[in-house]
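To keep things clear, I will list the structure first and then write my remarks on it.
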Amino acid sequence: MTAILPTIQFPADLKSKSIEELIQLASEIRSFIIDVVSVHGGHLGASLGVVELTIALHYVFDTPIDKLVWDVGHQAYVHKILTGRKADFATNRKKGGISGFPNRAESVYDAFGVGHSSTAISAALGMAIAHKLEGKDTVNHIAVIGDASIASGMAFEALNHAGVTNAKLLVVLNDNAIGIDPSVGALKTYLMQVKEGRNPKQNNMIKSLNINYTGPVNGHDIAELIKELQRLKSIDGPQFLHVVTTKGKGLKQAEENQVLYHAPGKFDKVTGDLLPGTNNKQVKYQDVFGWTMLEMARTNNKLFAITPAMPTGSSLRYMMDEFPERAIDVGIAEQHAVTLAAGIALEGYSVYCTIYSTFLQRAYDQLIHDVALQNIPVVFCIDRAGLVGEDGATHQGVFDIAYLNAVPNITILAPRSAVELRNVLYSLQFHRSQPVAVRYPRGYSDEENWQQAFQNIDFQQIETVRKGNKIAVFSTGTIVNNVLAALGDQEDVSVYHFLQIKPLDRSAIKKILASYHTLLTIEEGVVNGGFGSSINRLVLEEELPVRVINLGVPDHFIEHATVNEQWQQCGLDVKSLQQLFKKLSNV
């Protein structure tokens, strides 16, 4: 049998293929993705689930003239393979390689950049409206929304708008009943009823929005998909195609364990078994959070926890399994999660809202208006704070210090160790005067004995990590480990750890700086508006005679690479810090 995949460079190459050849191509693409991801890592399950759908879309539509928008972006591996990036696919998510998500700067076939969820319908509708104004009525606009993104408020807003337009828009729902974790909510139940034929056609909620509904359609039947897409292509006005797929399709383990195989790391491409990974003596900061929450919940029945669609990634799953009534997943709904947390907190509960730094950006209005303005004591556990590695620019958790610094009433904390994170979480049960944000990184701590007896923490105390006599370093969070590694036995540098970034203890800082002529602020966040900026303002206002150097993330988006490579770009790696300390010591 002659291989089909080597003959496909761009979508136009699909047009001459028979249905049988397209079916064979689907099998080859699955094998190709498994071969590459098993060695290099990346998102696996979502792309395996949309192989036939992606082929059918590019077969029927004339991309890039027709606009194909993916939502969420980790569904788009097949799309990348079919649009000129097959030869570079092994560079996926590596420094200088292709992005793990659609990226407008990377290809004309990537009509819209996507990293977060629920944006595709809005973007595609915007393009459709603009093209209609320009008289380009033949251009098709397709939004493929999947992995539970349809349940997000922004998707509903876009559907609500689309229903009162005559835009040439096709919304394809890739319904696999799971995001990273299983879908939740009433919409999931409704869609299950539709798929099982238990919901009458006349009650279809999509039709109630004045959008033509088709489906459900088998998302792994290329012939059926092509037939429906060709029919819908010729119809004006907004259309909705309900496609049923299986996440992880074609790899037994990925189908049976869809959560683990969303992004499994390296695995055996033949057996599907995961390969040994990180030293098991290390502990993830997410697990420190998760196990600590469970431990506290066992003794505090007024403790409540919320996550927007990240129970496994955040490790809230441990508490959810034992206390499902007090630890809940609200789906991809960050805005709702924040305001829900405020409502529960007002009734006397200690509420911990665990949310990735990059996703908290999506609920900034709610954080300001519904929590901080009303001074409601919600604890925001900001996961994946700092540089996150291969997920790249869309997922970097480097803005939270800056965007929270601008908000009154909120305290910002950044523990430097697993033990300190654990004690911070414990202490915040009793801190009910204002909202608090606790930021901690993606990755591991090497503290084997982190599960120590709880201790109450004085958040404002500035810790003297090491004492020198010439230069002061003000650091916050786990990046202090790089600082200490860089210093070695160098004796002229003092290091101070700031657990509390906001508010700052002005009198304590003035007292410390009286002994130094040079100060370095070091943070794993953006320099503009960050921790260092707050120190700069204090130094200027108090007219302190000290030279200040700010180190952190510069004013540009940091693309995908390993975390260490990203530290190098920002001058935060051990070698760069060593060179800087030696230079300053010789001044």
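The values are calculated or read from the model by the stated rules, or taken from the named source; none is laboratory data. Nothing here was measured: the structure is a model prediction, and the numbers come from that model. We place every Cβ from the backbone using ideal geometry, glycine too, and count neighbours over all the protein chains shown. Side chains are part of the model used for accessible areas, which takes the heavy atoms of the whole protein and leaves out ligands, DNA and RNA. Shrake-Rupley method; radii C 1.70, N 1.55, O 1.52, S 1.80 Å.
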The lysines whose Cα lies under 26 Å from the Cα of residue 510, excluding any fewer than 8 residues away in the same chain, are 467, 470, 502, 582, 583
From the Cα centre of the stretch 331-363 to that of the stretch 228-305, the distance in Å is 21 Å
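Pairs 249/269; 15/233; 80/132; 67/136: which are spaced more than 18 Å apart, C-alpha to C-alpha? Mind showing how you got there, number by number?
Values: 249/269 14 Å; 15/233 16 Å; 80/132 28 Å; 67/136 12 Å.
Over 18 Å apart, Cα to Cα: 80/132.
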Checking rank on 299-309, 9-19, with mean other Cβ inside 10 Å and highest first, the result is 299-309, 9-19
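So what is the calculated 222 nm ellipticity per residue for the chain, using -39500 (n - 2.57) for each DSSP H run with n of 4 or more, over all residues, to the nearest 500 deg cm²/dmol?
Details: 21 runs with 195 residues, N = 587.
Computed ellipticity for the chain at 222 nm equals -9500 deg cm²/dmol.
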Per the 1/(1 + (r/R0)^6) rule, R0 = 41 Å and r from the Cβ atoms of residue 461 and residue 325, FRET efficiency to 0.05 is 0.65
Beyond 38 Å, the calculated P(r) of the chain holds a percent of Cα-Cα pairs equal to 35 percent
PRE zone check, label point 7 Å out along Cα-to-Cβ of residue 2, amide N under 20 Å, scope the stretch 15-57, hits 15-29
With the 1.4 Å probe rolled over protein heavy atoms, the stretch 227-293 has an accessible area per residue in Å² of 50 Å²
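Please give the length that would be gained between residue 62 and residue 536 if that part of the chain were fully extended, namely 0.36 nm times their separation in residues minus their C-alpha to C-alpha distance (nm, one decimal). Can you show the working numbers first?
On the way: separation 474, 0.36 × 474 = 170.64 nm, distance 5.40 nm.
Result: 165.2 nm gained on full extension.
Taking only protein heavy atoms and a 1.4 Å probe, what accessible area per residue, in Å², does the stretch 404-500 have with all protein chains in place? Intermediate results must be reported in sequence, preceding the final value.
On the way: 3780 Å² over 97 residues.
That works out to 39 Å² per residue.
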Note: residue 13 to residue 234 extended length (0.36 nm per residue) minus current alpha-carbon separation gives 77.3 nm
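When the accessible area of the chain is split by element with a 1.4 Å probe, what percent falls to carbon and sulfur? Could you put the intermediate results ahead of the total?
Values: 11990 of 23390 Å².
Exposed carbon and sulfur together represent 51 percent of the surface.
Would you mind telling me the antiparallel percentage of the DSSP bridges in the chain, rounded to 5? Each step should come with its number before you reach the end.
Numbers: 11 of 69 bridges.
Bridges in the chain are about 15 percent antiparallel.
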With the 8 Å Cα cutoff and a minimum separation of six or more residues, the chain has a relative contact order in percent of 11 percent
One would report the Cα pair-distance distribution of the stretch 1-96, bin width 10 Å, in %, as 16, 53, 29, 3
